[in-house]
Amino acid sequence: MIFRSAIFSRRPGLSEAGFGHHWRTVHGELARHMPGVHRYRQNHIVERLYELQPFPSHEVGGISQQWFDDVAAMERCERSDAYAAVKRDIPNFQGAITILVLQATELLAPPATDAAHSAHAAKLLVLARRQATTPGDSILLPQLRDAALRADGPAPLRYVQNLVIDRAHPVAAGVPQGQVPVDAMAEMWFADRAALRAWALSRSGQAFLHGPALLDTLGVYAVEDITIV
């Protein structure tokens, strides 16, 4: 299974509250009817813990995730009337958009007894790009997992590392096509927002986010993870 992620900015002149409300209630309802989508989640930013400055290509206002069986299923969806309706709505709240296709690897799964709790935990989302010295597709997932779990602060309950596998599906929707240079998107869940911030600010958290782990961090966000489908 793969997922399609849109990283997009807020339309100029639209308030953050208006942006979030439109994305959730109007755009989310349109996207609910897209064929072939197994899951659709919206990541609404509630705190920016770090952003590279100047940020490349365009600002990050929100990040969506839509899961499909494979790229072919995603392409069939892109030819549907429901997808056309979603594209027509994009200029109503978005300013620019970068489209990525990613594949997920779960590096830390919660114990079965904690699975229900972790589903409602505080979520951290990290955007990163491959370092200039990292050859080819050499992103070492065990190295990233070990760096995330070094303990001098609260440990994540769950850690999923997503790697970009495709950038060849831009969306023509009346907004600028962005080129935010993301190669990896990490998702981590913590017991609560305080534990999330404590990990992100801890020595081990800072080493994971900014240390020599084959990736350069672009942005670190505490997000409200909203499931639409």
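Could we say that Gly36 is open to solvent by less than 20 Å² (accessible area, probe 1.4 Å) and small (Gly, Ala, Ser) here?
no
In the range 99-111, what residues are in a strand (DSSP E or B) and open to solvent by 10 Å² or more (accessible area, probe 1.4 Å)?
Of everything in the range 99-111, those that are in a strand (DSSP E or B) and open to solvent by 10 Å² or more (accessible area, probe 1.4 Å) turn out to be Gln103, Ala104, Thr105, Glu106, Leu107, Leu108.
Looking at the range 27-84, which of its residues are of a type in the set (A, V, I, L, M, F, W, C), assigned to a strand (DSSP E or B) and within 20 Å of Ala104 (Cβ to Cβ)?
Ile63, Trp67, Phe68
Would a scan of the range 68-85 turn up a residue that is within 16 Å of the chain's Cα centre (by Cα), surrounded by 15 or more Cβ atoms within 10 Å (Cβ to Cβ) and in contact (Cβ under 8 Å) with a residue 24 or more places away in the chain?
Looking through the range 68-85, at least one residue is within 16 Å of the chain's Cα centre (by Cα), surrounded by 15 or more Cβ atoms within 10 Å (Cβ to Cβ) and in contact (Cβ under 8 Å) with a residue 24 or more places away in the chain.
Scan the range 6-26 residue by residue and report those that are among the polar types (S, T, N, Q) and in a helix (DSSP H, G or I).
Thr25
So that you can scan it fast, the table gives a plain yes or no per residue for (1) at pLDDT 90 or above; (2) hydroxyl-bearing (Ser, Thr, Tyr):
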residue	(1), (2)
Arg150	no, no
Gly153	no, no
Gln177	yes, no
Ala184	yes, no
Ser202	yes, yes
Gly219	yes, no
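Looking at the range 91-98, can you tell me whether even one residue there is surrounded by 14 or more Cβ atoms within 10 Å (Cβ to Cβ), under 24 Å from Ser15 (Cβ atoms) and within 14 Å of the chain's Cα centre (by Cα)?
Yes, the range 91-98 contains a residue that is surrounded by 14 or more Cβ atoms within 10 Å (Cβ to Cβ), under 24 Å from Ser15 (Cβ atoms) and within 14 Å of the chain's Cα centre (by Cα).
Kindly indicate the residue of the range 173-200 that is open to solvent by 10 Å² or more (accessible area, probe 1.4 Å) and in contact with a Leu (Cβ under 8 Å, 6 or more places away or on another chain) and also farthest from Leu52 (Cα to Cα) among those meeting that condition.
Ala191
The values are calculated or read from the model by the stated rules, or taken from the named source; none is laboratory data. Keep in mind that what you see is a predicted model, and the values were worked out from it rather than measured. Every residue, glycine among them, receives a Cβ derived from its backbone with ideal geometry; neighbour counts consider all protein chains shown. Side chains included, ligands, DNA and RNA excluded: accessible areas come from the protein's heavy atoms. Shrake-Rupley method; radii C 1.70, N 1.55, O 1.52, S 1.80 Å.
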